[in-house]
Amino acid sequence: MLKKATALLSALCLAMSTTAVFAQSSASEDSYNMVINESDVVRNVPREMFGINCEWAVGVNNRFLDQVDGEVIVAPSFAEGWKDTMVFARMAGGSAQRFKWKDALGDYKSRATQKIWGVSDKCYLGIIEWLKAIQSVTPDIKICYTFNFDSDTLENIADVVEFLTSDGTINYNGGENWGEIRKQLGIENPVNIYTWELGNEMDLENWTAEKYVDYCKKVIPIVKSIDPNSKISAHVDTAAHANGEGRSGSAGRPWEEWHRLVLREVGDMIDLISFHYYYPAGFIRRADVPLDRLEQDIIEITGSDRIKIYMSEQAPAANTQTYKPETAFDYCLPHTIWGATSLAEYYCRAMMRESIVATTCHSIDSATWSICYRNKEGGHSLTATGEVVKSFAKYGVGDMLNTQLDTFSKEDMKDIAGTAVRDKDGNINILFTNRSETLPANVNFTFQDGKYRLKTVRRIHGDVKEADNYYRAGMNYDNPNKVEITETQETGMDEIKSYTFDPLSIYVLCLEKIN
């Protein structure tokens, strides 16, 4: 790391025999340089880079729904709690291979019982309720719909494509006019589908790669016959997370064999490849090995980089999957400030890869991975993780500029990470995280094409890495070390030349050009 003390000061320290004093000063802050070239656009960053993963569940799903006088409704606090955050959504995870969408339509009393996550009940949050909730936040929101390969039928896959995309004027599959049924149930316009995902982690459902590819060959033509301009995403072996041998249905085979077969057999039929990764907090670069390999295989097998990567599940990894009050941090780590700084670094790294065009952070509320939770008053509040997603979704969409930051690059990882994006209004937004637990980071800015003033500062900060805003009734977890979130408007017109970022913090600096 570059230290703030210069060689001249060091010499003076020795000459004046005050080495200890200057050593303390240099250790109290790290200094870095950040050079931003406004005329060099590296890539466009779409809002789908900052999506949210959701999960199907049976019963009254209080992540989305409330019960008022015996009636189940979309929670009134949902839209306000998720404001500026729910911009792209995927409803999947392991529940996707258990969920029967037709059994979760219409009147609640007539819905069939389903078994998801080992619990049997009616599914009160079906497709319609889910869409009403997320569209209440972002009316034109795009979604990823993940097909149930394991326990549903080809007919129902065809019908759900019609259900979500038809305007009702054409009955594609005969029988029920599913476009008309969707409109009758309260979703008037066809849904904005970002991609159709071909199952979720089918290797964990004891499918072999060969069985998966054969089924993909049946499903893709069905989808294209109804939604010809759609994007299709097939998935990578889930064992890529461990960089090891394939699991379950592909046990004993290298994880790469799954996606290599997919690329050879259906590469010309797909647009995206879904990749899941849960990275250790503080070691996000661990994902680079499988990502490098996947990028290389796409080019070598298909002859181009046309197929892009959709990280349909990504999040910091917990240290344990079992909650105990005495080791709460190990379980709740992903939504602590330590997890939040890791997520911010992940976004900065993912944005450097033009191969990655979308991600969905796991997940809306699963205790271990929680982006938003029901607070003590019953409303919706974002965790530190959610605040990071909000920061990037609000300020990280636009033209990513060529940015050189000391000690941070695709090949390097220290305590800091940062990038710069020019938004649609012409502002330059610096997104920065300092993962150091003790040292502030002073950054000196150099711009190639002008002078800028500070317009807005958004800050997410915790005093200790265990700091957390999450709350869950009955879990005996209400961390007294809270994460502080502030967003202030700056009125000064002075040129910004440097800024000091606190330890354990994520910042957005919104900059306006000085004419």
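Report the one residue of CYS332, ALA240, GLY303 whose Cα lies farthest in the direction of the positive end of the charge dipole of the range 208-358 (charges on C-beta: Lys and Arg +1, Asp and Glu -1; origin at the Cα centre).
It is CYS332, whose Cα lies furthest towards the positive end.
Please name whichever of TYR172, VAL35, PHE99 sits farthest to the positive end of the charge dipole of the chain, dipole taken about the Cα centre and charges placed at Cβ: Lys and Arg +1, Asp and Glu -1.
VAL35
Longer than 28 Å from Cα to Cα, which of LYS142/LYS455; LYS394/LYS513; LYS324/LYS465; LYS231/LYS390; LYS122/LYS183; LYS424/LYS497 are they? Say none if no pair is.
Pairs exceeding the cut-off: LYS142/LYS455.
Peptides 32-38, 338-344: what's the order by average Cβ count within 10 Å, highest mean first?
Result, highest mean first: 338-344, 32-38.
Using Cα-Cα distances under 8 Å and only pairs 6 or more residues apart, what relative contact order does the chain have, in percent?
Taking the mean separation of contacting Cα pairs over the length of the chain, I get 17 percent.
Can you list the equivalent-ellipsoid semi-axes of the range 183-293, largest first and in whole Å, using the square root of 5 times each Cα gyration tensor eigenvalue?
Those come to 28, 18, 13 Å.
Which of the peptides 68-76, 214-222 is most tightly packed, and how do the rest follow, going by the mean number of other Cβ atoms within 10 Å of each residue?
214-222, 68-76
How big is the charge dipole of the chain about its Cα centre, in debye rounded to the nearest 20, if each Lys and Arg gets +1 on its Cβ and each Asp and Glu gets -1 on its Cβ?
Here the chain has a charge dipole of around 360 debye.
Of all the C-alpha pairs in the range 29-84, what % are more than 13 Å from each other?
That fraction is 78 percent.
Just to verify a number: FRET efficiency for ASP478 and SER77, C-beta to C-beta distance, R0 = 22 Å, to 0.05?
About 0.70, to the nearest 0.05.
In µm²/s, what is D for the range 34-118 at 25 °C and 0.890 mPa s, where D = kT/(6 pi eta Rh) by Stokes-Einstein and Rh is the Kirkwood radius from Cα pairs?
After rounding, the answer is 151 µm²/s.
Can you sort TYR310, TYR331 so the residue with the fewest Cβ neighbours within 10 Å comes first?
Going from least to most buried by this count: TYR331, TYR310.
Would you mind computing, in nm to one decimal, how far apart the modelled labels at GLU377 and LYS424 are, each placed 7 Å from Cα along Cα→Cβ?
Modelled inter-label distance: 3.1 nm.
Want the number for VAL119 to VAL68: 0.36 nm per residue separation, take away the alpha-carbon distance, what's left?
16.0 nm
Please give the FRET efficiency for VAL60 paired with LYS217, using the beta carbon to beta carbon distance and R0 = 41 Å, rounded to the nearest 0.05.
0.60
Report the extension gain between ASP107 and ASP305 in nm, rounded to one decimal, defined as 0.36 nm multiplied by the number of residues separating them, less their alpha carbon distance.
Once the chain is fully extended between ASP107 and ASP305, it gains 66.7 nm.
Would you mind getting me the FRET efficiency between THR322 and TYR471? Use the beta-carbon distance for r and R0 = 30 Å, nearest 0.05.
The formula returns an efficiency of 0.95 here.
Contact order normalised by length for the range 334-459, with contacts defined as Cα pairs under 8 Å and 6 or more residues apart; what percent is it?
The normalised contact order for the range 334-459 reaches 22 percent.
Checking a compactness column here: for the range 432-471, what do you get for Rg(Cα) / (2.2 N^0.38 Å), N being the number of residues?
So the Cα radius of gyration is 1.64 times the expected 2.2 N^0.38 Å.
Show that you can apply the helix-only estimate: for the chain, add -39,500 (n - 2.57) for every DSSP H stretch of four or more residues, divide by all residues, and state [θ] at 222 nm to the nearest 500.
For the chain, the value works out to -7500 deg cm²/dmol.
Need the full-extension length gain, ASN44 to GLN404, defined as separation in residues times 0.36 nm minus the C-alpha distance. One decimal, nm.
127.9 nm is the gain from fully extending ASN44 to GLN404.
Ranked highest first by average number of other Cβ atoms within 10 Å, how do 174-181, 266-273 line up?
Those peptides, ordered most packed to least, come out 266-273, 174-181.
Using semi-axes √(5λ) of the Cα gyration tensor in Å as the read-out, say which of (i) 39, 33, 19; (ii) 40, 30, 19; (iii) 42, 26, 23 was calculated from these coordinates.
Here semi-axes √(5λ) of the Cα gyration tensor in Å agrees with entry (iii).
Here, each number is a calculation from the coordinates, and none is a lab measurement. Model, not experiment: these values are computed from the prediction. All Cβ positions, even for glycine, are placed from backbone atoms using ideal geometry, and neighbour counts span all protein chains on display.
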